[in-house]
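Data first, discussion second: the structure below is written as structure tokens.
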Amino acid sequence: MLSSIYHDNQPVTIGILGGGQLAKMSAQAAYRLGLRVAVIEPAENSPAGMMTKADFPLGWYDSTELERFVEVSDIITLENEFIAPEILDGMTDKRLVFPTPDTLRQVQDKFIQKQTMQRAGIPVPVFAAINSVEEAYTFGKEHGYPYVMKTRTLGYDGYGNATVGRDNQAMVAFMRFTSDPDVPRQMMAEKFVKFRKELAVMVARNRRGETAVYPCVETVQENHICRYVLAPAPDIDDGIRKKAQEIAVAAVEAVEGVGVFGVEMFLTDTDKLLYNEIAPRPHNSGHYTIEGCYTSQFENHIRAICNLPLGSPDLIVPAAVMANVLGKRIGSGVPDTVVGLMRHGRVSFHLYGKATSRVGRKMGHLTALGASVQEALALVKAAEEDLLW
Ligand code: ADP
């Protein structure tokens, strides 16, 4: 007997902490598998909350709301790694929770995360905790400028990072990140990696430790936000692709991850792979899997946490490209040209249903499949030209 979730024809509810686009696409996969979904998020009408009657819009800081959410959920997961592990701890005696609070503890603090990966034999950039301006200077002296200063927790889309070129800049960055007494921040430093590409690999791992490893993709960032994902990563040899997949699996195993995980890496200008970070949840670099692979990252996430057999992560076509649709103004969550976009019949359009847009906010994405990355990229770029807000 593989699993009991479909036993006795009892409805099974996946509870998701967070109601954004990752929760929405996870919910879509859960519904396809005949499961139900509950969502808790401190907002009315969140993209995922709108999809279910079991929506808990007071969020997890309201203890009664949280209790009701836990009550209706059979297996609990999350879309956002910033939730306090103590909140998850409080659920684990009542429900299965994946990723586990222990996995989250290993991941949330980038310094602890890098130590964990280093101990597992994964190649990481030179890094150190820095607890004072003097230690920031010392890192520069020992490892050279420029280097990257990072907040150990709560960083995303580059917020929380600063590249510093000399002592003075290190001092300014350290003071800026640590000066708010309401938000105590610990800092770390990382040697600046001269990379020729940023790569990512999604890995799904179920409770039996079985894994499904997605292709190695290239992520193209603009202003620290992912703009395109190219699958498979072009212009690298198969040995590097395979090594990237091995590092990704090792990283997920190092934190005993259950669910789907995104592992980001640098390919240096001398063709070495260095681990950057892990996301303990579905990840932007895996959105192409919805149309591009036999089993999407979202479906394999649900299968993994339910301890079901995993589906094939292989591409069903030679190539897929995803482009993020980023907000260009403050205002409606729907681009003015949405209908024109749909005239691009070979481009799949996902609009997340966020109430309002902001500059740089992820509002949706486009995916195109092709015989080559170049062909898929050309399709996506043609559609992007019609994307005015
Ligand atoms: P976030 O958690 O905000 O995504 P990351 O640590 O992944 O932060 O860094 C964001 C981006 O900053 C990376 O995608 C990469 O472009 C750049 N970056 C991060 N660390 C380094 C490094 N050590 N050397 C060079 N660039 C880096």
Residue ID - farthest from the ligand (Cβ to nearest atom), chosen from residues in region 161-183 that are among the β-branched types (Val, Ile, Thr) and part of a strand (DSSP E or B):
164
Among residues of region 363-372, those that are surrounded by fewer than 21 Cβ atoms within 10 Å (Cβ to Cβ) and farther than 12 Å from residue 316 by Cα, counted
1
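Take the residues in region 57-77 that are touching a helix residue (DSSP H, G or I) at 6+ places or on another chain (Cβ under 8 Å) and among the hydrophobic types (A, V, I, L, M, F, W, C), then tell me which one is most open to solvent (accessible area, probe 1.4 Å). Full working, then the answer.
Just the residues of region 57-77 that are touching a helix residue (DSSP H, G or I) at 6+ places or on another chain (Cβ under 8 Å), to begin with: 57-60, 66, 70, 75-77.
From what's left, among the hydrophobic types (A, V, I, L, M, F, W, C): 58, 60, 66, 70, 75-76.
Details: 58: 104, 60: 37, 66: 29, 70: 11, 75: 8, 76: 0 Å².
Checked region 57-77; the qualifying residue most open to solvent (accessible area, probe 1.4 Å) is 58.
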Whether any residue in region 184-203 is within 22 Å of residue 156 (Cα to Cα), open to solvent by 10 Å² or more (accessible area, probe 1.4 Å) and more than 16 Å from the ligand (Cβ to nearest atom) is what I want to check.
yes
Can you name every residue in region 346-362 that is open to solvent by 60 Å² or more (accessible area, probe 1.4 Å) and modelled with pLDDT under 95?
355, 356, 358, 359, 361
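Within region 214-270, can you find the residues that are of a type in the set (Gly, Ala, Ser) and within 25 Å of residue 77 (Cα to Cα)?
Within region 214-270, 248, 250, 251, 254, 257, 259, 262 meet the criteria.
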Which residues, taken from region 233-249, are within 16 Å of the ligand (Cβ to nearest atom) and out of contact with any Phe, Trp or Tyr (no Cβ under 9 Å at 6 or more places or on another chain)?
233, 244
Scan region 149-160 for residues that are in contact with a helix residue (DSSP H, G or I) (Cβ under 9 Å, 6 or more places away or on another chain), within 7 Å of the ligand (Cβ to nearest atom) and at pLDDT below 95 and report the count.
2
Can you tell me which residue is nearest to residue 167 (Cα to Cα) among those in region 111-126 that are within 12 Å of the ligand (Cβ to nearest atom) and open to solvent by less than 30 Å² (accessible area, probe 1.4 Å)?
125
Tally, over region 208-227, of residues that are away from the ligand (no atom under 15 Å from the Cβ) and either open to solvent by less than 20 Å² (accessible area, probe 1.4 Å) or under 16 Å from the mean Cα position of the chain (by Cα) (or both)
5
Any pair with Cβ under 7 angstrom, 6 or more apart, that starts in region 55-66 at a residue that is over 15 Å from residue 38 (Cβ atoms) and ends at one that is surrounded by fewer than 17 Cβ atoms within 10 Å (Cβ to Cβ):
61/42
Tell me which of these residue 246 doesn't satisfy, since it passes every other one: (1) over 30 Å from residue 383 (Cβ atoms); (2) open to solvent by 10 Å² or more (accessible area, probe 1.4 Å); (3) touching a residue at least 12 places away in the same chain (Cβ under 8 Å); (4) of a type outside the set (Gly, Ala, Ser).
(3)
Do you know which residues across region 256-292 are in contact with an Asp or Glu (Cβ under 6 Å, 6 or more places away or on another chain) and open to solvent by less than 10 Å² (accessible area, probe 1.4 Å)?
280
In contact (Cβ under 8 Å) with a residue 60 or more places away in the chain, surrounded by fewer than 19 Cβ atoms within 10 Å (Cβ to Cβ) and either more than 10 Å from the ligand (Cβ to nearest atom) or more than 30 Å from residue 387 (Cα to Cα) (or both), is that true of residue 230?
no
Among the numbered criteria (1) surrounded by fewer than 18 Cβ atoms within 10 Å (Cβ to Cβ); (2) touching a Lys or Arg at 6+ places or on another chain (Cβ under 8 Å), which single criterion is violated by residue 21?
(1)
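The values are calculated or read from the model by the stated rules, or taken from the named source; none is laboratory data. Please read all numbers here as calculations on a predicted model, not as lab measurements. As a convention, Cβ positions derive from the backbone with ideal geometry for all residues, glycine included, and neighbour counts pool all protein chains shown. Ligands, DNA and RNA are stripped out before the accessible areas are found, and what is left, the full protein with its side chains, is counted by its heavy atoms. Shrake-Rupley method; radii C 1.70, N 1.55, O 1.52, S 1.80 Å.
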